[in-house]
Structures are given as structure tokens and as C-alpha cells.
Amino acid sequence: MLFCPKCSQEIDERDNFCRRCGKSLKPGTGFWYSHSGIILLTLVLGPFALIPVYLSKILSTTAKTVYCVVISLFTVYLGYVCWQIFTLTQQMLSTTLSLPY
Ligand SMILES: [Zn+2]
């Protein structure tokens, strides 16, 4: 017989979550593997959020595919923005350096 580590409620070993308090009981079912967790990870870590998407036991295959596409696009966009900032900084630096003082 198993018990929830958080609220000591008796749990079924096939359960992914505690029926009483909702605590995740198996790896791949915690907050970071849920929709909100993965969105948060994507914003913070970018492409590294693909790891919990891959490991998650909560998300359906469709959701995983969607997340893979979204995270890839987000990574490309992030790279584009970084490149823009880089070029802009270089332009600003060269303008500043060539000022006739
Ligand atoms: Zn519980």
C-alpha cells in the first residue's frame, strides 16, 4: 500500500497524481512537465524546454508535436533578435568611433 508523500492519503500505484492534494507521484508528471511549466521553461531556457516536452508523461503526442514546432520557431526568432541586436550594436559602435573629435 502506498501513501502520498505530501498529505499521507492512500494512493493507487497507477496514479500519476494524488487524488486528494494533486501532488505528482511519478517522474515526468511534475509542474515542469505540465503546459504552464513548459511555456515558462521555453521563455527562460528557449530550446532546452524540449527536454521536459520529451520526458513529459502528461502531454499528448499532439501537444508534444505542437510544442516542438513552437519552441523551434521561438528559438529561430530569438536567434534573429540576437543577431539584430548584435548588428545594431556594431553599427552604433562604428558610428561612435568614427566621430571626428
Ligand atoms: Zn496528497
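Rule-based calculations on the coordinates, nothing more; no lab input. Predicted, not measured: the structure shown is a model, and the values here were computed from it. Cβ: placed from backbone, ideal geometry, glycine included. Neighbour counts: every protein chain shown.
Conditions tested, residue by residue: (1) of a type in the set (A, V, I, L, M); (2) over 11 Å from the mean Cα position of the chain (by Cα); (3) away from the ligand (no atom under 16 Å from the Cβ).
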| residue | (1), (2), (3) |
| --- | --- |
| Lys6 | no, yes, no |
| Asp15 | no, yes, no |
| Arg20 | no, yes, no |
| Lys23 | no, yes, no |
| Gly28 | no, yes, yes |
| Ala49 | yes, no, yes |
| Pro52 | no, no, yes |
| Leu55 | yes, yes, yes |
| Val66 | yes, yes, yes |
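Close contacts from segment 22-51, counting a first residue that is within 23 Å of Phe3 (Cβ to Cβ) and a second that is more than 16 Å from the ligand (Cβ to nearest atom) and assigned to a helix (DSSP H, G or I), with Cβ to Cβ under 7 Å and a gap of 6+ residues or different chains, come to Gly28/Leu55; Phe31/Gly37; Tyr33/Pro52; Tyr33/Leu55.
Assess whether Ser36 counts as being surrounded by 15 or more Cβ atoms within 10 Å (Cβ to Cβ), more than 16 Å from the ligand (Cβ to nearest atom) and among the hydroxyl-bearing types (Ser, Thr, Tyr). It is false that Ser36 is surrounded by 15 or more Cβ atoms within 10 Å (Cβ to Cβ), more than 16 Å from the ligand (Cβ to nearest atom) and among the hydroxyl-bearing types (Ser, Thr, Tyr).
Among all residue pairs at least 6 apart or on different chains, which show Cβ distances below 7 Å where the first residue, located in segment 1-12, is of a type in the set (Lys, Arg) and the second is within 8 Å of the ligand (Cβ to nearest atom)? Within 7 Å, the pairs are Lys6/Cys18; Lys6/Cys21; Lys6/Lys23.
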